Amino acid sequence: MHTRIYKKEDLLKEDVKTDIKETLLSGENVVFPTETVYGIGANALSETGIDNIYRVKGRPSDNPLIMHIASKEDVTTYAHVSMPYIKKIMNAFWPGPLTLVMKRKATVPDKITGGRDTVGIRYPSNVIAQSVISIAGVPICAPSANISGRPSSTLFEHVMEDFKEKVDIIIDGGQSEVGLESTVLDVTKPIPVILRPGIITKAMLETVVPKVNLASHLKEDDIPKAPGMKYKHYAPNGEMTIVEGIEDKVVDFINEQIKTHKENGHKVGVIATRDIADKFKDAFVFDVGDKSSKTDIASNLYIALRRMDAQGIDHIYSTAFHENAYQEAIMNRLYKAANHTIIKV
Ligand code: AMP
Ligand code: MG
């Protein structure tokens with residue numbers, strides 16, 4: 001398959017709009033940027049389109065897809081806006097990186113929801129994403145544009161690595177603004193529940209509704225699971241370990257590990273913020289940015305993981321990022337990438 005590549009300015013051209021619309025309506029996939037990560041899009045109302053997403057990504061079909069819309073009004077066509085607080089949340093955070101899980105209507109194909117009676121819906125803020133949905137004239141399912149299990153794509157180059165010649169169209173939108181997937185919020189209950197943390201945090205949501213709960217699986221995230229229960233996701237090829245503790249001890253511990261692995265002929269990579277990046281010796285160090293920046297670590301995390309693979313790194317060590325404003329979302333992805341391998345020093 002020959003993949004057609006477009007840029008933002010191409011979306012103003014009539015022939016490109018027609019190509020995007022026809023591709024989506026015929027059940028084929030279009031990869032496009034959103035503010036969170038790149039998405040692999042399909043017509044949400046087309047079973048073929050949805051089947052293609054699962055096939056191309058290699059995604060298990062019981063993992064539900066998020067439906068993307070380009071106007072708040074479209075929600076009621078597909079879901080019951082049952083709780084009185086939902087409108088307040090939509091008005092405060094949409095368009096943006098927040099998915100709302102609501103009771104579905106019969107208009108939503110079963111294939112999207114993996115048989116659940118709920119559907120996750122999001123109105124993205126990225127202008128390219130909004131254009132693609134509007135051009136299609138139908139809601140668009142758009143899970144992260146990565147082969148299942150690999151880190152999500154936040155750069156055009158990463159999308160190309162995974163999907164060149166595998167989808168009809170890829171739209172280049174540069175680096176993703178946020179860099180982590182949307183917050184997923186279950187709004188079917190009197191008190192909403194965060195199912196997946198993102199940069200719309202519990203504290204931000206609680207400025208609009210009195211209370212927000214965290215799903216129980218999130219509270220247990222830093223407890224190493226029994227080996228058979230481990231669930232790999234967002235994972236680089238190398239074996240990854242998170243090292244937590246006082247900064248000097250973390251640096252010393254990682255440097256000792258680097259030495260041991262080097263003696264065995266293995267390549268070591270380190271993920272750390274700029275202030276300490278040059279303290280690691282004889283390793284490939286990926287600087288995820290300024291420690292005091294709110295957005296740097298989130299937007300660089302998946303780039304760091306993919307860069308480790310590109311460098312053929314065997315052992316990856318990452319510091320923890322608990323002081324960041326988005327630490328809940330960042331650490332959630334990091335723990336999964338490391339298969340919950342955490343060493344406290
Ligand atoms: P993504 O791969 O970023 O598109 O995110 C899809 C994720 O959203 C799933 O793996 C679920 O965690 C969540 N999700 C989507 N729809 C639902 C739903 N109906 N109920 C619960 N979680 C959902
Ligand atoms: Mg994903």
Would you mind working out the magnitude of the charge dipole of the chain relative to its Cα centre, with +1 at each Lys and Arg C-beta and -1 at each Asp and Glu C-beta, to the nearest 20 Debye? 880 debye
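Please work out the average accessible area per residue across the range 41-189, using the 1.4 Å probe convention, and give it in Å².
Numbers: 5280 Å² over 149 residues.
Value for the range 41-189: 35 Å² per residue.
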Run the count for the range 98-256, please: Lys pairs, Cα-Cα under 17 angstrom, 8 or more apart or on different chains. 9
Could you let me know the centre-to-centre spacing of the range 5-46 and the range 240-270, using Cα atoms, in angstrom? 43 Å
Using only alpha carbon pairs under 8 Å that are at least six residues apart, calculate the relative contact order of the chain and give it in whole percent. 19 percent
Identify, among Asn213, Ser293, Val270, the residue whose Cα sits farthest towards the positive end of the charge dipole of the range 194-324, taking +1 on the Cβ of Lys and Arg and -1 on the Cβ of Asp and Glu, with the dipole about the Cα centre. Asn213
How many angstrom separate the Cα center of the range 106-130 from the Cα center of the range 315-345? 29 Å
Interchain or sequence-distant (5+) residues whose placed amide H lies within less than 5 Å of the amide H of Gly39 are Phe32, Thr34, Ala145
With a 1.4 Å probe and all protein chains left in place, how much accessible area per residue does the range 250-345 have, in Å²? 42 Å²
For the range 69-152, which trypsin sites (Lys or Arg not before Pro) pass both filters: DSSP loop (anything but H, G, I, E, B) and at most 13 other C-beta atoms within 10 Å? Lys105
I need the GluC sites (Glu not before Pro) found in the range 261-345, filtered to DSSP loop residues with at most 10 other beta carbons within 10 Å of theirs. Glu323
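Order Tyr123, Tyr317 by their accessible area, 1.4 angstrom probe, all chains in place, largest first.
Ranking Tyr123, Tyr317 by accessible area, largest first, yields Tyr123, Tyr317.
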Exposure of Thr295 as accessible area (Å², to 10), given a probe of 1.4 Å and all protein chains: 70 Å²
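Test of the criteria: in the range 85-192, which GluC sites (Glu not before Pro) are in a DSSP loop and have at most 12 other Cβ atoms within 10 angstrom of their Cβ?
Counting only loop positions with at most 12 other Cβ atoms within 10 Å, the GluC sites (Glu not before Pro) in the range 85-192 are Glu165.
The values are calculated or read from the model by the stated rules, or taken from the named source; none is laboratory data. Predicted model only: the values in this text are computed from it and were never measured. For neighbour counting, all protein chains shown are included, and Cβ atoms are generated from backbone atoms with ideal geometry for every residue, glycine included. Ligands, DNA and RNA are excluded from the accessible area calculation, which covers all protein heavy atoms including side chains. Shrake-Rupley method; radii C 1.70, N 1.55, O 1.52, S 1.80 Å.
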